[in-house]
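A short write-up of the structure that comes next.
The values are calculated or read from the model by the stated rules, or taken from the named source; none is laboratory data. Since we're looking at a predicted model, the values are computed, not measured. For neighbour counting, all protein chains shown are included, and Cβ atoms are generated from backbone atoms with ideal geometry for every residue, glycine included.
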Amino acid sequence: LTGGLALLFCLVQSAAAITVGFSQVGSESGWRTSFSESVKAEAKRRSIELKFSDAQQKQENQIKAVRSFIAQGVDAIMIAPVVETGWKPVLREAKRARIPVVILDRNVDVKNASLFLTRIASDFVEEGRRAANWLMEETGGNCSILELQGTVGATAAIDRMKGFNEVIAKYPNAKIVRSQTGEFTRTKGKEVMEAMLKAENSGKDICALWAHNDEMALGGIQAIKEAGLKPGADMLVVSVDGVPDYFKAMADGDANATVELNPHLGAPAFDVIERYLNGDRKIDKLITTTGDLFTQETAAEEYKKRAAK
Ligand code: AHR
């Protein structure tokens, strides 16, 4: 019993003493802000010392932050990568320093899977497929689409585009007529949508806006209104995330559907880190989160729930 108590004491002690560095993409969207808040709240709840670094959407800032975490000798590092490529050198440095790295949300493109412990993320390809399936059902497969892409080189943009295109390829009368990056932000989403609408006869022959996230969709909705059309009716709007503002837009009839992306990554991330630091080596390489597709039907009720949080 004494041995058991001593072990328990050690585990509690080590959990309390953990320091984790987290390099976050930035604060480009409401979804990202909820994600950061979830990590901060969970660290506090578990008495984990969190070193939080906002990369302002720049990978170079992330690499600097990770190097600084290594120099400070943190117990673990979490990275939510801006883009997929360019991670090998710094991940090798972390490995050499024996610091486990957890990848959150977007992926890293490295051949050697031992460079990180696990990745916790949603299936972005499936999100694209679900958005497209909804749109094809809604329009009978007859639809000219404007696409607002996320950040170039980011998994969430690459994979959502892939899943969406895979589905619409089965419908000869569905096509993306214009596609451009809005960098996952509301401002850029609006600006790019304005330009696309101008180039497309003010959007008169466009059936839908497909945005890689709600934030850009909300900017796009603004642009559609300013072009004299009714978003949600003259032009359907479908996207991904499920942020409260978008639920409000759906409840108001300005948007039509969104595929929810779970922002609560703090708890699963710290779970695996604590398990690993306590000696567990049986950690899955990919931990997948899921989310439903929501439409106007339940939007008002969902908005009430989510805005209250
Ligand atoms: O990587 C996930 C995407 O990043 C979210 O859909 C978007 O809102 C964020 O900027």
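Screening region 114-125 for residues that are in a helix (DSSP H, G or I) and out of contact with any Gly (no Cβ under 6 Å at 6 or more places or on another chain) and picking the one that is surrounded by the most Cβ atoms within 10 Å (Cβ to Cβ) gives Phe124.
Ile287 fulfils the conditions (1) surrounded by fewer than 23 Cβ atoms within 10 Å (Cβ to Cβ); (2) of a type in the set (A, V, I, L, M); (3) in a helix (DSSP H, G or I) except for a single criterion, (3). Please verify whether region 96-113 includes one or more residues that are more than 20 Å from Pro263 (Cα to Cα), acidic (Asp, Glu), part of a helix (DSSP H, G or I) and in contact (Cβ under 8 Å) with a residue 12 or more places away in the chain. Looking through region 96-113, none of the residues is more than 20 Å from Pro263 (Cα to Cα), acidic (Asp, Glu), part of a helix (DSSP H, G or I) and in contact (Cβ under 8 Å) with a residue 12 or more places away in the chain.
When the residues of region 200-214 are narrowed to those that are more than 16 Å from the ligand (Cβ to nearest atom) and of a type in the set (Gly, Ala, Ser), which ends up surrounded by the fewest Cβ atoms within 10 Å (Cβ to Cβ)?
Ser202
Looking at region 274-281, can you tell me whether even one residue there is surrounded by 24 or more Cβ atoms within 10 Å (Cβ to Cβ) and modelled with pLDDT of 95 or more? Within region 274-281 (the criterion being surrounded by 24 or more Cβ atoms within 10 Å (Cβ to Cβ) and modelled with pLDDT of 95 or more), the answer is no, since none of the residues qualifies.
For the criterion of being surrounded by 18 or more Cβ atoms within 10 Å (Cβ to Cβ) and part of a helix (DSSP H, G or I), Arg32 passes.
Being within 13 Å of the ligand (Cβ to nearest atom) and not aliphatic (A, V, I, L, M) holds for only one residue in Gly153, Gly141, and it is Gly153. Criterion applied to Val66, Val74 was being at pLDDT 95 or above, at negative phi and assigned to a loop (DSSP other than H, G, I, E, B), and the one residue passing it is Val74.
Could you look through region 215-257, keep only residues that are more than 18 Å from Glu147 (Cβ to Cβ) and of a type in the set (Asp, Glu), and pick out the one that is nearest to the ligand (Cβ to nearest atom)?
So, considering only residues that are more than 18 Å from Glu147 (Cβ to Cβ) and of a type in the set (Asp, Glu), the one nearest to the ligand (Cβ to nearest atom) is Asp245.
Of the numbered criteria (1) over 15 Å from the mean Cα position of the chain (by Cα); (2) free of Cβ contacts under 8 Å to residues at least 40 places away in the same chain, the one Phe270 fails is (2).
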